[in-house]
1. State the extension gain, in nm to one decimal, for the chain segment bounded by residue 13 and residue 158, taking 0.36 nm per residue of separation less the distance between their alpha-carbons.
2. Assign one of three labels to the stretch 104-156, namely rounded, prolate or oblate, based on the Cα gyration tensor with a ≥ b ≥ c the square roots of its eigenvalues; rounded applies when a/c is under 1.5, prolate when it is not and a/b is larger than b/c, and oblate otherwise.
3. Sort out for me the Cα centre separation of the stretch 67-88 from the stretch 204-223, rounded to whole Å.
4. Write down the radius of gyration of the stretch 236-276 and its Dmax, each obtained from C-alpha positions, in Å.
5. Using only helices, what value at 222 nm comes out for the chain when you add -39,500 (n - 2.57) per DSSP H run of length 4 or more and divide by the total residues, to the nearest 500 deg cm²/dmol?
6. Hey, what's the Cα Rg ratio for the chain versus the globular rule of thumb, 2.2 N^0.38 Å?
7. Taking just the alpha-carbon atoms of the stretch 174-316, what radius of gyration and Dmax come out, in angstrom?
């Protein structure tokens with residue numbers, strides 16, 4: 001097991017380097033000038049040159065990348081062009097808020113997906129299977145940003161049951177585990193959990209249905225094992241496949257929540273990325289994308305290790 005973990009960790013380093021190259025390069029591919037957000041159109045050339053030198057934008061791209069990578073490795077993601085604050089100072093609280101929202105979406109989505117998928121697989125070919133499969137297809141097909149807007153209209157505007165914007169009535173960007181904060185979290189959590197719930201339902205349903213059709217299940221029943229013990233065997237064998245999908249979906253919840261956070265004005269990395277894209281705030285874009293990418297790679301590593309611990313065949 002230790003050898004497997006060591007080998008998997010060796011793969012992380014080239015992937016991380018590739019991630020830094022992509023993060024650094026992508027923001028320069030798009031149109032626009034990063035200085036246009038802070039400089040007027042008639043700014044003197046000497047002012048433009050001075051600011052470009054201050055941010056290191058006057059150097060060749062390979063040199064900019066080496067300097068940026070060295071600073072990022074030490075935890076220095078630069079200074080935001082728009083707010084003039086350190087990127088890490090704004091990224092830290094936003095990342096915490098996104099993790100809180102992603103955790104809520106993961107708990108809700110994975111729980112629903114596991115239960116519905118398990119029931120659909122157990123009752124394969126029956127009406128319950130068709131019902132849960134229809135739910136999974138609907139969850140995967142419905143755009144989560146559209147669902148978010150619909151829920152805001154119904155539950156916030158029409159019924160007035162739940163708040164729709166921010167994470168507190170006072171406008172604070174710091175989440176407090178109180179009833180008030182949890183009320184602000186309900187709608188974005190549901191909107192964020194719909195797609196993962198549908199994907200996990202389909203994955204678990206397929207794995208469970210396939211296992212129940214295998215010969216060893218009939219052998220277990222012939223030996224007189226109770227149905228509950230058989231279900232435990234099936235759950236253990238289906239866990240690695242479901243866990244792999246959950247790991248990918250957790251990365252999606254962290255990095256793909258930009259539209260949900262924008263709709264609900266949730267002060268997380270999604271909203272931070274959205275603002276940085278429109279303002280061409282390159283240091284903020286680079287820092288946020290890199291942080292999310294590193295978290296995604298780390299999650300995949302943890303999922304691989306967890307899969308190997310559940311299924312020793314993966315180690316071979």
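Each value in this text was obtained by applying a stated rule to the coordinates, not by laboratory testing. Note that this is a predicted model, so its numbers are computed, not measured.
1. Working: separation 145, 0.36 × 145 = 52.20 nm, distance 5.10 nm.
Between residue 13 and residue 158, full extension yields an extra 47.1 nm.
2. On the way: a/c = 2.97, a/b = 1.91, b/c = 1.56.
Verdict is prolate for the stretch 104-156.
3. Using only Cα atoms, the two centres lie 53 Å from each other.
4. In order Rg, Dmax, the Cα atoms of the stretch 236-276 give 13.9, 44 Å.
5. Working: 12 runs with 227 residues, N = 316.
It lands at -24500 deg cm²/dmol.
6. On the way: Rg = 23.6 Å, N = 316, 2.2 N^0.38 = 19.6 Å.
Scaled against compact globular proteins, the figure is 1.20.
7. Answer for the stretch 174-316, Rg first and Dmax second: 20.3, 67 Å.
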